[in-house]
Every structure is written in structure tokens, then in C-alpha cells.
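A short write-up of the structure that comes next.
The values are calculated or read from the model by the stated rules, or taken from the named source; none is laboratory data. Since the model is a prediction, treat every value here as computed from it, not as a measurement. A quick note on method: Cβ atoms are made from the backbone with ideal geometry, for glycine too, and the neighbour counts reach across all protein chains shown. What goes into the accessible areas is simple: the full protein's heavy atoms, side chains included, and nothing from ligands, DNA or RNA. Shrake-Rupley method; radii C 1.70, N 1.55, O 1.52, S 1.80 Å.
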Amino acid sequence: MKKTNIIITIKKELRSIFRDKKTIFMILGFPLIIAFFVFFYGEMEDSIIGGEDTKYPIGINYELNSTEKRIMSECSLEPKYYENISLMSKAYQDGKIDSYIDYNKEKDLYTIYSSEDIQTSQTANYAAVYLDTYNKYLGDQYIKGEDIDPEVAYGKIKYELKNTSGEDLSTSNILVNMVMNISFVYIITAIAMATVNMATSAIATEKENGTLETILTLPVNTKELITGKYIATVIMGIISSIIGLILTITSFTIAKNMYEIYKDFKISLIAIIFSVIICVIASLLISAIALMLTSKAKSYKEAQAAGQVLQIICIFPMILSFIKVSSTVLFYIIPILNHTTILMDLYSGNINYLNILLTIISTIVYTIILLYVLIKKFKSEKVLFGA
């Protein structure tokens, strides 16, 4: 293959796509939705916290004194008494309470049980505030008139937060994880949109205009042509994903100082580096899929319709997160799903090098296979000219 022919093809494709302002606005503007979601959910959460009229039902298995009742009311909680944790669990499953607090007298430990959806996790947050406030009240009573270490005084109440399966649950990371999941799905979807538009312009539009036949009369072979078009498509995917990644990091960093819900958001340099790598390899695979899907299309409309399948596939990981499907090793070798999953892991502080390696290797293998098939397909006149 001649490098000059490949470079000329890349330049030609990029030049043609950058001339279309509407397409560029859609490709590069789409990631802005990520910033919208970050600030929208932050604002929504602040509004919920600020509401004084709504009371959230919460189960308890211990008697409340007058002070606890007052604090619970101030924390927008409506306590419902049950004799034991089994009854509270059943009431929770029946939808009678949003979460519940189990008090273990032997351990002197309060355990808040909740799930990870917005409504019930919000009630759990209020429960944590109630216990913190009551703990401070007891501490104030204890140290009045006494020369006592505050750390001893304010340790009267110990509590932990778990989901209904008994796993540890953070009070602030639940919504953050959901917003991050949406953000990363949109980053991958942005790659799909960019690559589908690029692939459509590179193949279907040229077929429709009849310019593909003219190009093949020039001193350029099919392999050089497809390689150039593929690299140009990858470049657009990388540009779109990096813009999305920058917007995600920037939005969370700004929102951290604006909204309480994002206060625990942290990101390490290693997570950012691996995120860039994932965006690049995701672009490699999705570009190949986009070219494969649009290769047989005879017109722009046909290619766009075929490309919509890829965009729907990119949304699938978000659907899995909503129905609470637990990730397994298989998630890291399933195309597209592995990219979103690994990005979520990285920004949740879970840097598993084996999973990252599985994602990278599987993506490269899938990409090589797709490119081999694509080059073979383009030797067919039916694919080239829609004959």
C-alpha cells in the first residue's frame, strides 16, 4: 500500500466532513448533553433536599424519644415502627417505606438499608443526616459543663449504610454513579454518531453521487481507499469522544463546588490516561462497525438508517444499569458494553488492570476481524457500486 494515497484519502474525507457545518455541529455539539445532565441532576437533587413539605416514610425497629421525632421531622422523614428487620424488609418490598433503619442493641449499631434508585437513596441520605444530627445533640448534652474530649463526646451513635442485599452503600455516590453512567454512554454514543456520519459521507454519499467509480479509476487500490476512509472515520470518533471526555471531567469538577451531591467526586491522573486509551480503542472498533453497516447502502438515507442500529446498541449499557444487572468478566469482552463498563470502573476508583487488558485486547481483535471482512467486501462490485 502507498502511504501517499492513504494520506490523500484521509485529507479528502476530513475536508469534506468539515465543510458540512450542520454535521460538524451535530457531531461536536452532541457531547454538550453530558454537561446538561451533570448540572441538571445536581440542580434537581438540591431542589429535592430543599423541599420541606414532602415526608419520606422510613421503617425503624426502636422507640423514638421526642428529640428524635423532632429531628426526623426536620429531616423530612416519617417514621413507621416495626418490631423487627424482617417486617421492615417486607414493608420495603411492598413499597410501604422507602428505606429502613435496623438498630442492633448488642453492637449499639444503626444500619440504614436502601437501594440505589433516586427516591429510596434520598430517604437513606435523610436518615444519615438524622443520625448525625442526633449524635451531635447527644454529644452536646454529654459535654455540657464537662471538660471532655469532643471526639469521645460525638461518638455516641455509630451507623453504616447498606443496600437491601447487605452491600455497603455510599450516601453521595449513588446519584453520581448514575450520572456518570449516562455521561459515558453519551461519550460512546457520540463516537457512534461521528463515525456513522463520517462513514456515510465516505461511502454512501460517494455512491449516490457516482464519485466512487471515478476515484477507483485513479492510481489507488481498494485496500488503500478503505484504509484511508477508515482512519479518517477513526479520527472523527476520537475527536468526538475526547470532547465528550473533557466535558465530563470539567462538568463534574465545576459541579463539585456547586452541588453537595458531587462533593465526593474524585478523579486520578491514571484514570484519565486510561479513559483516553479506551476512547481511542472504542473509536477503532465503532468506526469499523460504522463502515460495515453503511457499506451496502446505496444512498445517504439508507446509510443513516443502518447507522441508527449502532447508536441504539451504544445505549444498551445504560439500560442494563437501570435494571441493576451486575457486571461480570463477560462485560469486558462484549463490544461497546465493555467500553462503558470500564469507564465506569475507572471513575468509580476501581482500576482493575486485568479488566482493562481484556477490554483493549478484545477490542483490537474485533477490529482486525471487521477490517479484514470489510476489505474483502469492498472487492465486490455490489458493495462498491450498489449493483
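A few notes on this one:
- Taking 0.36 nm per residue of sequence separation and removing the Cα-Cα distance, the residue 140/residue 20 pair yields an extension gain of 36.5 nm.
- By a 1.4 Å probe calculation restricted to protein chains, residue 315 has an accessible surface near 70 Å², given to the nearest 10.
- Residue 344 accessible area, 1.4 Å probe, all protein chains in place, Å² to nearest 10: 30
- The order of the peptides 75-82, 104-111 by mean Cβ neighbours within 10 Å, most packed first, is 75-82, 104-111.
- Using the Karplus relation 6.51 cos²θ - 1.76 cosθ + 1.60 with θ = phi - 60°, the per-residue 3J(HN,Hα) values for region 262-274 come to 9, 4, 8, 5, 9, 8, 9, 5, 5, 5, 5, 4, 5 Hz, with x marking Gly and Pro.
- Residues whose amide H falls under 5 Å from that of residue 97, counting only those 5 or more places apart or on a different chain, are 92, with hydrogens built in the peptide plane.
- Solvent-accessible area per residue in region 81-141 equals 50 Å², computed with a 1.4 angstrom probe and all protein chains kept.
- Normalised by residue count, region 220-334 yields a Cα convex hull volume of 162 Å³ per residue.
- Close amide H contacts of residue 109 (hydrogens built in the peptide plane, cut-off under 5 Å, sequence separation of 5 or more or a different chain): 104.
- Residue-by-residue Karplus 3J(HN,Hα) for region 88-99, coefficients 6.51, -1.76, 1.60, Hz, glycine and proline x: 5, 4, 5, 5, 5, 5, 7, x, 7, 9, 8, 6
- Note on residue 280: accessible area is roughly 50 Å² with a 1.4 Å probe, heavy atoms of protein only.
- Largest to smallest accessible area among 113, 372 [probe 1.4 Å]: 372, 113
- Per-residue Karplus couplings for region 296-303, computed as 6.51 cos²θ - 1.76 cosθ + 1.60 with θ equal to phi - 60°, are listed in order as 8, 5, 8, 9, 4, 5, 4, 5 Hz, Gly and Pro entered as x.
- Close amide-amide hydrogen proximity is noted between residue 77 and 56, each under 5 Å apart and 5 or more residues distant or on a separate chain (H modeled in the peptide plane; Pro and chain starts excluded).
- Averaged per residue, region 326-369 has 47 square angstrom of accessible surface, using a 1.4 angstrom probe with ligands and nucleic acids left out.
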